[in-house]
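Trainee: Here it is, the structure in full.
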Amino acid sequence: MRTILALFISGAAIVNVACTDNGKSKALTVQDNSTASAPPQVVKSTTSDASPLLQEIDKANSKCRDTPGDVADGIAACEKRDRLMQEAEKAGWCWGPQEAFGYEQHWIRCSDDPARRPKHQWFAHDLNHASCMKSPSPADKIREVQEFGQIAKTNDLPSGAVEVEVDIGNGRSQVWTFYHTPESCEASLPRSQKIDGKYE
């Protein structure tokens, strides 16, 4: 029989639950941590050779959370937890996904977290459309406009560029164009436009 331990946080109460293969769950402990604030509490599953490291992080984190912040043992436990979390990340284990709510986070392979995957380099025009510069990704721009309650529309251009458009009211919109390479960005600048000789 396999048992998986999980942690659920509801308000200030922390409930450890054991789930077995037969699908039944049982509350093991309830702890009130209304004054606690810290990262991960419990490993949801540790089925790799990283288990001892992840369990050690959990142990250090419990001590860090359960000890007043001005007590030397608590400070040492928090520092140990932080150091071990860096080791876990180097070993490919991360607490996440980063963009999930805290109660949804658990140990995952860092490579399985979309927010931690290597990002493409993007380029965009400067404000005067005179040159190109490195730019945040289209996804970053979409998240930014969503924070202001706006909806972004995207358009994949044949050149591989991506447009992000936001309605700014009164029938107007603002468009940002993102390019994969500095060359494609430079080629799209107004000064790069070829002028037909017949217009000379």
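The values are calculated or read from the model by the stated rules, or taken from the named source; none is laboratory data. This structure is a prediction, so every number in the text was calculated from the model and none was measured. All Cβ positions, glycine included, derive from the backbone under ideal geometry; neighbour counts span all protein chains shown.
Trainee: Considering only strands (runs of 3 or more DSSP E) fully contained in the range 1-107, which possess at least 2 residues that are under 30 Å from R117 (Cβ atoms) and modelled with pLDDT of 50 or more? First the steps, then the outcome.
Mentor: Values: elements: 3-10, 13-20, 25-32, 93-96.
Passing ranges, in order: 93-96.
Trainee: Being crowded, with 18+ Cβ neighbours inside 10 Å and either assigned to a loop (DSSP other than H, G, I, E, B) or not assigned by TED's automatic domain parsing to the domain that holds R65 (or both) narrows it down to one of K153, K134, K119, K141, so name that one.
Mentor: On the way: K153 fails: crowded, with 18+ Cβ neighbours inside 10 Å; K134 fails: crowded, with 18+ Cβ neighbours inside 10 Å; K119 fails: crowded, with 18+ Cβ neighbours inside 10 Å.
Selected residue: K141, the only one of K153, K134, K119, K141 that is crowded, with 18+ Cβ neighbours inside 10 Å and either assigned to a loop (DSSP other than H, G, I, E, B) or not assigned by TED's automatic domain parsing to the domain that holds R65 (or both).
Trainee: For S111, indicate whether it is assigned to a helix (DSSP H, G or I) and without any contact (Cβ under 8 Å) to a residue 60 or more places away in the chain. Can you show your working first?
Mentor: On the way: assigned to a helix (DSSP H, G or I): yes; without any contact (Cβ under 8 Å) to a residue 60 or more places away in the chain: yes.
It is true that S111 is assigned to a helix (DSSP H, G or I) and without any contact (Cβ under 8 Å) to a residue 60 or more places away in the chain.
Trainee: Looking at (1) surrounded by 14 or more Cβ atoms within 10 Å (Cβ to Cβ); (2) farther than 30 Å from L53 by Cα, which is the only condition G171 fails?
Mentor: Here G171 clears every test but (1).
Trainee: Additional query: Would you mind stating whether Q105 is in contact with a strand residue (DSSP E or B) (Cβ under 8 Å, 6 or more places away or on another chain) and either of a type in the set (A, V, I, L, M, F, W, C) or within 30 Å of P52 (Cβ to Cβ) (or both)?
Mentor: Working: in contact with a strand residue (DSSP E or B) (Cβ under 8 Å, 6 or more places away or on another chain): yes; either of a type in the set (A, V, I, L, M, F, W, C) or within 30 Å of P52 (Cβ to Cβ) (or both): yes.
It is true that Q105 is in contact with a strand residue (DSSP E or B) (Cβ under 8 Å, 6 or more places away or on another chain) and either of a type in the set (A, V, I, L, M, F, W, C) or within 30 Å of P52 (Cβ to Cβ) (or both).
Trainee: Now a separate question. Contact list please: Cβ distance under 6 Å, first residue in the range 178-194 and more than 15 Å from P158 (Cβ to Cβ), second residue of a type outside the set (S, T, N, Q), pairs at least six apart or on different chains.
Mentor: P182/F123; P182/C132; C185/F123; C185/C132; C185/Y179; E186/C132; P190/H129
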